[in-house]
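The numbers here are math on the coordinates, done by the rules we state, and not lab data. Remember, predicted model here, so these are calculated numbers, not experimental data. Quick reminder, even Gly has a Cβ in these numbers, built from the backbone with ideal geometry, and neighbours come from all protein chains shown.
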Amino acid sequence: MSLRSAKPSELFSRHPLFQGDASTGAIRRTDGARVAPFSGELLHALHVALIENSAEFAQDALYHSGYEWALQEMIQVNTRLQSKSTGSKLPIWQTETAVALELWWSGFADAGWGTCSFDFSAFAPDKGFMLAEVKNSALAAALVGAEQPMCHLYAGLFAGALSFRQRAERHAVELQCAALGHPSCVFLVGQGETIDRAEGWRQQGVATVEIVRQLR
Ligand SMILES: [Zn+2]
């Protein structure tokens with residue numbers, strides 16, 4: 001069966017993480033959530049179309065889409081944490097932040113959004129910040145050669161996830177991006193004032209390690 005001639009439901013019928021439903025044409029995760037396949041070309045075209053409208057609009061739209069997406073996924077994670085299968089039965093607010101976020105990101109990793117490692121060494125429940133390093137960002141791969149960090153959707157995802165976990169408004173900024181040739185994408189997530197300072201330094205060309213050192 002060639003990929004071009006196959007229906008999506010056939011492509012995913014034997015996939016361990018996704019199930020095709022021939023009767024509806026839907027592709028679903030093992031938890032029942034519906035998903036859609038996106039090619040790198042489509043991600044590229046989506047960004048170009050948004051940026052042609054306005055770069056600022058594109059950044060805001062992608063960031064807020066990621067933010068809202070993260071909230072919806074966190075609701076699912078909360079349900080899974082309290083299900084019988086995990087044995088935890090604790091709400092997400094009583095689960096260690098690292099455990100909650102790693103469980104949350106596992107769904108994105110399975111879907112091809114890249115692997116992520118979290119650094120909580122400068123993190124505190126009511127202050128500080130955390131770092132998220134993404135390798136193999138799908139957006140960076142689709143937008144390689146850019147002149148600015150491009151993973152606004154990811155920044156919104158991390159801001160939304162930490163906001164949900166802490167039940168307080170949190171923000172995020174991408175300090176370095178693989179689309180510019182860096183080995184990975186690195187995001188700083190924390191309170192708005194911290195993120196604004198970091199973004200100001202990034203725009204002045206300060207390296208990620210120096211920004212983090214200044215904020216600690
Ligand atoms: Zn990036």
Exercise. What ³J(HN,Hα) values, in whole Hz, does the Karplus curve 6.51 cos²θ - 1.76 cosθ + 1.60 give for the range 59-65 when θ = phi - 60°, with x put for Gly and Pro?
Worked result: 4, 5, 5, 5, 4, 6, 5
Seminar exercise, completed: Cβ density ranking, 10 Å radius, fewest first, applied to Trp69, Trp93 yields Trp93, Trp69
For this session: Compute the FRET efficiency between Glu210 and Arg28 as 1/(1 + (r/R0)^6), taking r as their Cβ-Cβ distance and R0 = 45 Å, and round to the nearest 0.05.
Result: 0.50
Seminar exercise, completed: Given Cβ charges of +1 for Lys and Arg and -1 for Asp and Glu, the option among Gln166, Gly32, Ile195 whose Cα lies farthest towards the positive end of the dipole of the chain is Gly32
For this session: Return His171, His47, His64 ranked ascending by Cβ neighbour count within 10 Å, so the fewest neighbours appear first.
Result: His64, His47, His171
Problem set entry | 3J(HN,Hα) from dihedral phi, the range 157-174, Karplus parametrisation 6.51/-1.76/1.60, rounded to Hz, x for glycine, proline | 4, 5, 5, x, 5, 5, 4, 5, 5, 9, 6, 8, 5, 10, 10, 8, 9, 8
Seminar exercise, completed: At 20 °C and 1.002 mPa s, the Stokes-Einstein diffusion coefficient in µm²/s for the chain, with hydrodynamic radius from the Kirkwood sum on alpha carbon pairs, is 117 µm²/s
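Using the Cα centre as the reference, give the magnitude of the dipole from point charges on the C-beta atoms of the range 55-215 (Lys, Arg: +1; Asp, Glu: -1; all else neutral), rounded to the nearest 20 debye.
Charge dipole, the range 55-215, about its Cα centre: 540 debye, nearest 20.
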Seminar exercise, completed: With DSSP loop assignment and no more than 12 other C-beta atoms within 10 Å, the trypsin sites (Lys or Arg not before Pro) in the range 53-105 are Lys84, Lys89
Exercise. Can you give the calculated 222 nm mean residue ellipticity of the chain, where each DSSP H run of n ≥ 4 adds -39,500 (n - 2.57) and the sum is split over every residue, rounded to the nearest 500 deg cm²/dmol?
Worked result: -14500 deg cm²/dmol
Exercise. Calculated FRET efficiency, Ala45 and Ala109, Cβ-Cβ r, R0 22 Å, to nearest 0.05?
Worked result: 0.35
Problem set entry | Among Glu169, Glu52, Glu102: highest mean-square fluctuation, GNM of the chain, C-alpha pairs under 10 Å | Glu52
Problem set entry | Ascending count of other beta-carbon atoms within 10 Å, so fewest first, for Ser163, Ser23 | Ser23, Ser163
Exercise. Non-local amide H neighbours of Val35 (under 5 Å, H modeled in plane, Pro and chain starts lacking H): which ones?
Worked result: Ile27, Arg28, Arg29
Problem set entry | 3J(HN,Hα) from dihedral phi, the range 130-145, Karplus parametrisation 6.51/-1.76/1.60, rounded to Hz, x for glycine, proline | 10, 10, 10, 10, 9, 10, 6, 4, 5, 6, 4, 5, 7, 10, 4, x
For this session: Search the structure for amide H atoms under 5 Å from the amide H of Thr115, placed 1.01 Å from N in the peptide plane, and list their residues when 5 or more places away or on another chain.
Result: Lys135
Exercise. Given H placed 1.01 Å from N in the peptide plane, which residues other than close sequence neighbours of Arg170 have an amide H under 5 Å from its amide H?
Worked result: Ser163
